[in-house]
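A.B. asks: Quick one: the structure is below, questions incoming.
The values are calculated or read from the model by the stated rules, or taken from the named source; none is laboratory data. From a predicted model like this one, the values you see are computed outputs, not experimental measurements. No Cβ is skipped: glycine too gets one built from the backbone with ideal geometry, and neighbour counts run over all protein chains shown. We work out accessible area using only protein heavy atoms, side chains counted, and drop any ligands, DNA or RNA first. Shrake-Rupley method; radii C 1.70, N 1.55, O 1.52, S 1.80 Å.
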Amino acid sequence: VGAGPAGSIAALILARAGARVRIVDRAQFPRHKLCGDTLNPGAMARLDALGLGERVRADALPVAGMVVTGPGGVRVVGEYGAAVRGAAIVRSALDQLLLDAAMGAGAEFEPGVLVGGPMLTAGETRVAGVRVITSVAEHAQAARIVIAADGRRSRLAFSLGIARFAARPRRWAFGAYYADVDGLTSCGEMHIRTDGYI
């Protein structure tokens with residue numbers, strides 16, 4: 001459940017191993033997703049191990065390190081090293097690339113499918129599928145294994161009582177893209193202040 005990076009990579013690995021895999025997501029792809037749009041060198045190494053690193057790099061800008069600033073003028077620059085790079089890629093492009101790889105390995109994809117919650121066995125001891133809601137009807141979709149990769153507001157995790165939101169601190173996120181910005185380098189940047197970060 002969920003066709004973002006976690007769901008698509010899980011589907012890719014399982015499909016390559018010979019499992020029958022169906023991915024469902026409430027969105028139509030490609031879709032916009034609020035994100036920092038960067039992958040660190042560790043994430044790139046995982047994508048390389050899956051044979052996807054070069055495809056990501058073809059659509060990305062290389063990231064040579066990070067600049068982090070803090071309150072009071074503190075500034076730290078950390079460069080990854082000559083042969084190590086992260087990548088900056090628009091999240092919608094990354095998600096589509098990973099989803100395409102999973103489907104290329106044999107996974108089926110159903111967009112526009114909202115998961116209402118888990119389908120439990122008679123004794124309610126195990127998840128045996130999900131309740132799916134489409135524009136036409138609601139029905140049960142049986143599965144031997146269900147992976148809840150549906151994000152921070154996972155209907156599966158919340159309905160099973162294995163996730164909850166903390167009352168504090170409350171957080172809000174905003175995203176925007178800019179062009180023709182002066183002073184850019186090949187490093188990513190994070191500017192931390194007492195009331196938030198950018």
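A.B. asks: Less than 15 Å Cβ to Cβ from His32, Lys/Arg counted +1 and Asp/Glu -1: what total charge do the surrounding residues give?
C.D. replies: Taking every Cβ under 15 Å from that of His32, the sum is +1.
A.B. asks: Give the long-range amide H neighbours of Val115: residues separated by 5 or more places, or on another chain, with amide H under 5 Å away, using H modelled in the peptide plane at 1.01 Å from N.
C.D. replies: Distant-sequence amide H within range of Val115: Ile133.
A.B. asks: Whats the longest run of the chain with zero chymotrypsin sites (Phe, Trp or Tyr not before Pro) that are DSSP loop and have at most 11 other Cβ atoms within 10 Å?
C.D. replies: 1-164
A.B. asks: Right, another one. Rounded to the nearest 5, what % of the DSSP beta bridges within the chain are antiparallel ones?
C.D. replies: So the antiparallel bridges amount to about 75 percent of the total.
A.B. asks: Ranked by accessible surface with a 1.4 Å probe, highest first, in what order do Arg193, Arg153 come?
C.D. replies: Ranked from most to least accessible, the order is Arg153, Arg193.
A.B. asks: Averaged per residue, what accessible area in Å² does the chain show with a 1.4 Å probe, protein chains only?
C.D. replies: For the chain, the solvent-accessible area averages 66 Å² per residue.
A.B. asks: Same structure, new question: How far, in degrees from 0 to 90, does helix 5-16 lean away from the longest principal axis of the Cα atoms of the chain, to the nearest 10?
C.D. replies: That works out to roughly 60 degrees.
A.B. asks: So, one more: Antiparallel versus total DSSP beta bridges in the range 1-116: what percent is that, nearest 5?
C.D. replies: Bridges in the range 1-116 are about 70 percent antiparallel.
A.B. asks: Set Lys and Arg Cβ to +1 and Asp and Glu Cβ to -1, take the dipole of the chain about its Cα centre, and tell me which of Ala3, Ala157, Phe109 lies farthest positive.
C.D. replies: Of the candidates, Ala157 comes out farthest on the positive side.
A.B. asks: With a 1.4 Å probe and all protein chains kept in place, how much accessible area does Arg91 have, in Å² rounded to the nearest 10?
C.D. replies: 40 Å²
A.B. asks: With springs only between Cα atoms under 10 Å apart, run a GNM on the chain and tell me which of Asp25, Asp182, Asp100 wobbles the most.
C.D. replies: Asp182
A.B. asks: Picking from His139, Thr185, Leu97, whose Cα lies most toward the positive end of the charge dipole for the range 78-198 (charges on Cβ: Lys, Arg +1; Asp, Glu -1)?
C.D. replies: His139
A.B. asks: Still on this structure, I have one more. Given points 7 Å out from each Cα along the Cα-Cβ axis, report the Ile13 to Ala27 separation in nanometres with one decimal.
C.D. replies: Roughly 2.2 nm, to one decimal.
A.B. asks: So, with a 1.4 angstrom probe, what is the percent of accessible area on the chain that is carbon and sulfur?
C.D. replies: Roughly 55 percent, rounded to a whole number.
A.B. asks: How large is the convex hull of the C-alpha atoms of the range 108-178 per residue, in Å³?
C.D. replies: With only Cα atoms used, the range 108-178 gives 149 Å³ per residue.
A.B. asks: Grab the Cα-Cα distance for Tyr197 and Tyr178, subtract it from 0.36 nm times how many residues apart they are, and report the gain in nm with one decimal.
C.D. replies: My answer for the length gained is 5.1 nm.
A.B. asks: Shape verdict for the range 6-147, please, from the Cα gyration tensor: rounded (a/c under 1.5), prolate (a/b greater than b/c) or oblate.
C.D. replies: It comes out prolate by the Cα gyration axes.
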